[in-house]
Amino acid sequence: MLNPRAISLIVLSLLGSTYAEDYECVGTFIFGRHNDRPAKPTNQQTPLGAEAQLKNGALFRERYYGLTYDNEPVDSEYKIEKLNDEGFYQASQYYGQAPYSGTIAKSHMAFLQGLFPATDGPLSNELLIQSTESDLDNGTVMEYPLNGYQYVMMDFQDPNAPNNFIIKGDVNCANSDSAIAAAYKTEEFQNLNDTTFDFYQSLRDVLPEEDIATSFLNFGNAMDIFDYMNVNWIHNSTLHDQWNITLLDEVRLLSNQFQWLISYNETDVTGDISIGGQSILGGVWTYLNTTKEAQSPLINYFTGSFNTMFQLNGLLQLDKLSANFTGMPDYGATYIFDLMQDTSDNYFVQFSFKNGTDSWDQFTVYPIFGSEDTMMSWDDFSENIKQYSILTLSDWCDRCNAGVEQSSKYPSVCVPYSSTYKAAKELQSNGVDLESILSGDYSSLDIQDSHHSKLSNAAAGGIGAGVTIGTMLVLGALFLVFKRVTRSKKNNVPIATSSESASSDSLAEKSV
């Protein structure tokens, strides 16, 4: 439901092209959700989902290239003039990123097939002609197979990759896990769990017991129950006929309440519960700033999970405009941050939301961060980003994993930012040979015992017992060494004193 302020702002943004005519779109950052898939757990995408993603990509082709899927020209106020005018993929003009997981990765690829369809028509750009044709010495002209299928580079992120935090900032994040676990213990959550118990138990009559156990039917599993019913509403005619849209909508509403409770805290907007949203928001600024400064890439497309979108809604203050932003975005929904430039070469950011991939899902412009204007100056955008986002891996490691540095749950990408690692580097600068320690030679430590005599290699070896080439075991052993060194030599080497904090199993993985 829209409030009066939201209605007035959106009406102004929809009055037509007169407002946008003073601006030119010069780049964009798109954050999209995957499309239709089987019920979880799954790594697959359905043919329906792939087709919807392709059509969605084709709509963005029209928006930014001014070309249809069949390469026919169309009018677009958001056409980026510096993109090649034949809609052909060029690595310098496009960058994409997605988690290395089946469903999301496949949705990402299907979108790109619509954004960059096979091109077998004649090209006028000489550089593009050279990249798509090859003359042989006998005069034969070879062309790419599959009618000119475009091989678009995609940056898929492994969970341990340095940039994975941008799209999956709540994964491998102890503090995020703890914040979500704490949300389950709040009075609001417990009340909803109690008041909805009878409703969920009543679903026993319409849900197959071999798929969902009776003990599973409660508010704590609201999202999984909705996902099961939503997928089968689309794909299972037998179950579809047993239910009705009113029942599905009631299950959907409760799942929205559940997800909002574990995604956003209005009294602590930038708290640990929204780390995933803060991370993608930092990525928005980082990549748009690159576009602004280097004029490349011009299109950035990232694909992620719905839980991150819930968090984004709160951080951007979209929930203040419409209660719809406290609910589940549809398959293929996209959050669009267009980099705009006025006639005086000033930069602005305009946010649009497209909820799904159906033809009636329109690009709708919304003001963000509580602004009254749908066109935000770059400086204002940057100031808000500083307040509501996580911009670097170092900051993410600090925010996410405080207290677990000596734990096996500490992400390997964060090791260079840990106090233990920094202490190891300082030891190296003080002449300690860490490689020798790993091989069992502790002579470089020059450790004095309480009687001021050097420890023997055998005695020092006890410090490193069990050390292997595994990074975490090495750092754990070094931590013990650092404590002994500082006690005996008093050389002011900083000591890591963090203790392992309890964390719940990562709930973010359920948000595909």
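Taken together, the values in this text are just the output of simple stated rules run on the coordinates, not laboratory data. Being a predicted model, the structure only gives us computed values, none of them experimental. We place every Cβ from the backbone using ideal geometry, glycine too, and count neighbours over all the protein chains shown.
For the reader, a short list of remarks on this structure follows.
- Highest-first packing order for the peptide set 227-238, 32-43 is 32-43, 227-238, based on the mean count of other beta carbon atoms within 10 Å.
- Among 262, 337, 279 the positive-end extreme of the charge dipole of region 180-337 (Cβ point charges): 337
- Principal axis extents of the Cα atoms in region 185-261, from largest to smallest and rounded to whole angstrom, are 39, 22, 17.
- Of the trypsin sites (Lys or Arg not before Pro) in region 38-87, the ones in a loop by DSSP (not H, G, I, E or B) with at most 14 other beta carbons within 10 Å are 82.
- With the simple model of a label 7 Å out from the Cα in the direction of the Cβ, residue 163 to residue 201 spans 5.1 nm.
- Loop-resident chymotrypsin sites (Phe, Trp or Tyr not before Pro) (DSSP state other than H, G, I, E or B) in region 322-372 with no more than 11 further Cβ atoms inside 10 Å of their Cβ: 360.
- Each of 69, 151 was scored by other Cβ atoms within 10 Å of its Cβ. Arranged with the fewest first, they read 151, 69.
- Filter on 82/168; 55/320; 55/354; 79/354; 79/386 - keep pairs with C-alpha separation over 21 Å: 82/168; 55/320; 79/386
- Fewest neighbouring Cβ atoms within 10 Å first, the residues 415, 432 line up as 415, 432.
- Footprinting exposure proxy for 247, 203, 115 (fewest neighbouring C-beta atoms within 10 Å first): 247, 203, 115
- Here the 3J(HN,Hα) profile of region 221-236, calculated from phi with Karplus coefficients 6.51, -1.76 and 1.60 at θ = phi - 60°, is 10, 4, 5, 5, 5, 4, 4, 4, 6, 5, 4, 6, 4, 7, 10, 10 Hz, Gly and Pro shown as x.
- Interchain or long-range residues, amide H under 5 Å from residue 27's placed H: 339
- Dmax and Rg, reported as Rg then Dmax, of region 154-201 (C-alpha, Å): 16.6, 47
- Prolate/oblate/rounded label for region 137-227 (Cα gyration tensor, a/c 1.5): oblate
- Label point distance in nm, residue 360-residue 392, each placed 7 Å from Cα along Cα→Cβ: 4.9
- Using alpha carbons only, the radius of gyration of region 153-288 set against its Kirkwood radius gives Rg/Rh = 1.05.
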